[in-house]
Amino acid sequence: MLNLHHLLRPFPGRLEFAIRAALICVFTTFAVEYYQTPEAALTVYLVFFLLKPDRVGSIIQSIAILVLISLVIGIVFLITMVVIDEPILRVASMALISFFMLFATSASKLRPVGATLALVIVYSLDLIGHVQIGELATRALLYAWLIAGIPAVICIIVNLLIGPAPRRLAEKALAQRLMLAAAVLRSGHDKAHEFEQIVREGTEGVSKYLKFASLEKTSPAEDIARLNHLTVSITPLLLIVDLIRKNNPDLLPDSMKEYFSQALNAVASTINAGEFPDEFHADIRPAKTPLSPCGQDIIKELSAALNHLTSSDHAHLTLEKSETHAAPVKSGFFVTDAFSNAEHVRYALKTTGAAMACYLIYSALSWPGIHTCLITCYVVALGTTGETLEKLRLRVLGCLVGAIAGFSAILFIMPDINAISSQLVVVFLGALLSAWVAGGHTKISYAGLQIAFAFFMCVIQGDSPSFNMVSIRDRVIGILFGNLVVHLVYTYIWPTTIAARVDAALDAIIKQMGELRFDNTSTAIDQKMSAARAALSNIERDLEVLRFEPESIRPASDWIDARQQTAHQIALLMGCLLISIKRNAGMPSDIRSRLQRLSEMSTAIASPNPNENIRHVINASALTTHDLLEIHMRDLEISNAQRFAQDNRMKEYASA
C-alpha cells in the first residue's frame, strides 16, 4: 500500500504539468474577470478537465469540447425558445438532456467529455430560469458557451506554446522505467515501491503518447517505429527484473547485478537524451561461484531481453510496426453493449436523479448559494458504487483542504490585495498545489480536483477580489451536500459491484497466457505478455476498490483475499512463464498441450451472467482459479525459487 509520501513524490513531468495547469488557470481567471463573465470559478475549474500531460492530447480534448459545446448550445437555444416561459418544461428538459448526455458518457465515445457537457447544459438551463426575457436568455446561452470556450481556447494556445511533445514524454517514461529497473536490480529494496508501481501501470500510457506523436507528424516514422519497439520490448525486461526481486534477490551474484544495472542505466540515459541506444551484446565474465541452472536461465533471458530492446534490425522493426499498428477494428460511436447493458441506463438515471434532487432542493429553499451541489453531482459521479465511495473520502478531504486554503487566503491575503495581479498570484499558487495532487496517482488525483474546485469557489467570486464569507459558506455546504446526495444514491439505488467482472477478467488472462505458442515471434510473445500485465493491473485495481463497496453487495472477505492471492500468483508467474516459453521454444507438443489444457479449463470456469446472484457465483468458484494456477505452475515446473533452493541443498549435501 502506497503511503502519502510516495503518492506526493515528484516524478518526471509532474511539476511541468502543475505549472502548465496553474498558468492556464491564471490566464483564464484574467479573461473572465476582464470580460466579467458569470461563473468565473467554474470556468477556471474546467481547465482541470481539459488539460492532459502532453500537448496533443490537451489540444484534441479542447477542440472536442469547443465543437461539442457549440453544437449542444445550438440545440439548447432551440429548446429555450419553447421552455423559457414554462418552468415545468424547462426542468423536464434539464432532466432529459442530462439523462441522454450521461448515457452517452457511459456508452459511447463521449466518455471523456460527456459529463462536462451535461453540466454546462443543465446549469445553463438553470440560469435561464432566472430570466424571462428572450434577449437575456440569449446572453445567458452565450455565457454558457464561454464557460467552456474560454478555458478551451486558452488551453490550446498555452499548449501550442509550451506544451510538452508526446514523443518527449514517451522517452522520459521509458528511461524512468529502465532506471528504476537498474536500481531494483542493484538493490532489491531501493526504489521498490516506485518499481512495483510502474510494473503495474504497464506501457499503455507510453503507447498513447506514441500514438499522439505519430498523429503530430513532428517525428520521422522510423523513430516512432523504434520507440514502439522499445515500448513493446520493455515489459518482458521489467517482468524478469521483478521476478528476481520477488523470488530471490540473491539469485544472481552482485557482480552480475551491477553489470546489468550499468547497462540499463546506460540505455536509459541514451533514451532520455532523445537518442537510440546501440545494440546490446552481453560481455559477462564468469562468476567465481558457479551459477545455478535457474540463475543461468535468468542471465540468458536478461541478456536476450536487453538485446531485443536495443535491436536496430530494420526488418524486425518493420515487422513489429505492422503488428503493433495493424489497422484497428472499426467501431461505432456506441460501445458494443450500449443498448443491452442496463448499467449504462442506471448510471445516467442515478446521476441525473442526484443532480435534479439537488436542483429542486435548493430551488425550493430559495438558497441559490448552494448551487455547487448541482455541479458536484456531475463532477463526482462514477460508474460503480465502489469507485464512487472510494473517491468520496478523497472528495470530502479535498473539499475541506481547498475550503480551508481559500478561507485562509481571504482572511490573511485578500485584504492586502488591491489589484488583479495579486489575485492572480493567489490563483496560481492554489492551482499549482491542486494540479500537483491531481496529476499524481489515482489514489489521490480526485482529491486534487476537489481542492481546486473548493479553492476557486472561495477566491474567485466575481469580476474582482471579494471577501464574502457567506458565499464561501454556501458554496462549501453545496459541495458537501452534493457529495452526500451522490453517496446516498449510489449506495441505495441500484448499487453496482465490480465483483461480476473480476473472475471473468482473471480467466481471460489465464486463457491469454495459456494460448501463448512457442512458434510465435519474440515480439508477439512480448506483446501478449504486455497486454496480460496491463489487464492484471486493472484487476488489481478492481480488487482494491471492492473493499469500499457496501456490505450488501460486497463479496466476502475470503473471496476478495483469494482473488488478490490469485492475482499475486499470476504476477509471479508471468516472469517464470516468459522464461519458460523462450527457453523451451524447441520442445515438442507435450508442454504445449498442457498450456492448451489450461486454456480449456479456464474457459470452462468462466463466470456466468453477472445479473445472477453474484454471491452464489463467487462462492461456488472460490478456489477454481487458484487451483488452476497451482496446477499450471506444477506442470510447467518453473518455480524459480524452489529450483534455487534445491540447487543450494544439493551443494550442501555435496560438501558434507
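Read-outs throughout are calculated quantities, based only on the coordinates presented, and are distinct from any laboratory measurement. These numbers were taken from a predicted model, which means no experiment stands behind them. Using ideal geometry, Cβ is built from the backbone for each residue, glycine included, and neighbour counts are taken over all protein chains shown.
Brief remarks follow.
- Pairwise centroid distance, computed over Cα atoms, of the range 159-201 with the range 402-439, Å: 32 Å
- Annotation: extensible slack from GLN197 through ILE361 equals 54.7 nm (criterion: 0.36 nm per residue apart, minus Cα-Cα distance).
- P(r) tail fraction, the range 47-163 - alpha-carbon pairs more than 17 Å apart, %: 55 percent
- Both radii come from the Cα set of the range 116-161: Rg as radius of gyration, Rh as Kirkwood radius; their ratio Rg/Rh reads 1.13.
- Label positions at TYR34 and HIS130, each projected 7 Å from the Cα along the C-beta direction, are separated by 2.5 nm.
- Pairs from the table (LYS443/LYS528; LYS208/LYS443; LYS191/LYS391; LYS172/LYS217; LYS217/LYS300; LYS109/LYS246) lying more than 30 angstrom apart at Cα are LYS217/LYS300; LYS109/LYS246.
- Sites LEU429 and GLN296, calculated FRET efficiency, Cβ-Cβ separation with R0 41 Å, nearest 0.05: 0.15
- With both labels modelled 7 Å from their Cα along Cα-to-Cβ, the LEU78 to THR442 distance reads 3.8 nm.
- Computed extension gain for ALA92 through ALA419, at 0.36 nm per residue and net of the alpha carbon distance, reaches 113.4 nm.
- For the range 405-418, backbone phi angles converted through the Karplus equation (6.51, -1.76, 1.60; θ = phi - 60°) give residue-by-residue couplings of 5, x, 4, 5, 4, 5, 6, 10, 10, 4, x, 8, 8, 10 Hz, Gly and Pro being listed as x.
- Spin-label model distance (nm) - MET469 vs PHE339, 7 Å beyond Cα toward Cβ: 5.8 nm
- When THR496, THR37 are arranged by Cβ crowding within 10 Å, least crowded first, meaning fewest neighbours, the order is THR37, THR496.
- Measure of compaction for the range 155-284 (Cα Rg per 2.2 N^0.38 Å): 1.14
- If R0 is 51 Å, the Cβ-Cβ spacing of PHE100 and ALA266 corresponds to a FRET efficiency of close to 0.40.
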